[in-house]
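Structure first, commentary second.
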Amino acid sequence: MDSISDKQFSEWARSIQSGDEIAFKNMFDATFENYVRYAWRFTKNKDSAMDIVQESFIKLWQKRSNLDPSKSLKTYLYRIVKNNSLNYLRDTRQHTTQMEDVQIADDSSIVFEEDQESELLEPLKKWIDELPDRQQEAFKLSRYEGLSHDEIAEIMDISARTVNNHIVAALNNLQERYKSYKDVSGKHYE
């Protein structure tokens, strides 16, 4: 979504606010996959993530008259997706405790655009997934989604300074894990 400018999101916000279905469809087509990847981080299920994002876009359309084009539409939609994902997890947990024999399938069919051949990629993915939740969320929003500290702060409902602290802590954590890995494996990736 890095290639989509803030100006484009502002234009979409103004158009969608006035009921422009074509602008809404254009934004949906341009951003859907990025929001699905974000929702997948919560659900670990591609179909559920896609449903959550579709519901989020529906909610956006229903609340279009309340849009403020001076505020980030991209961030607003991330927040809707996050809230819907958390609601999904809450509802799923309640449902699975009622039906113990129902298991949530782990869908690993999402393919990220990363170099699968790198020996360091798998340990790095694992280390990122093992970061504390808030560090992980801030790090992924920054590095995977390309969001600014201010946008991440709005999504996570924290200050931009706290976002920075989470990202710095995540980077320090990953650097320590890398040093240990390098020492144990004797491999150097510089």
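The values are calculated or read from the model by the stated rules, or taken from the named source; none is laboratory data. Here the structure is a predicted model, which is why all the values come from computation and not from measurement. Heads up, the Cβs are rebuilt from the backbone with ideal geometry, glycines too, and the neighbour counts pull from every protein chain shown.
A few comments on the model shown:
- Scanning region 11-58 for residues that are of a type in the set (Gly, Ala, Ser) and either out of contact with any Ser or Thr (no Cβ under 6 Å at 6 or more places or on another chain) or on the phi > 0 side of the Ramachandran plot (or both) yields Ala13, Ser15, Ser18, Gly19, Ala30, Ser48, Ser56.
- Only one of Ile152, Ile158, Ile128 that is part of a helix (DSSP H, G or I) and either at pLDDT below 90 or more than 13 Å from the chain's Cα centre (by Cα) (or both): Ile128
- Scanning region 45-94 for residues being farther than 20 Å from Gln17 by Cβ, buried (at least 16 other Cβ atoms within 10 Å of the Cβ) and β-branched (Val, Ile, Thr) gives a total of 2.
- Test result for Glu21, closer than 22 Å to Asn66 by Cβ, of a type in the set (Asp, Glu), surrounded by 16 or more Cβ atoms within 10 Å (Cβ to Cβ) and more than 20 Å from the chain's Cα centre (by Cα): no
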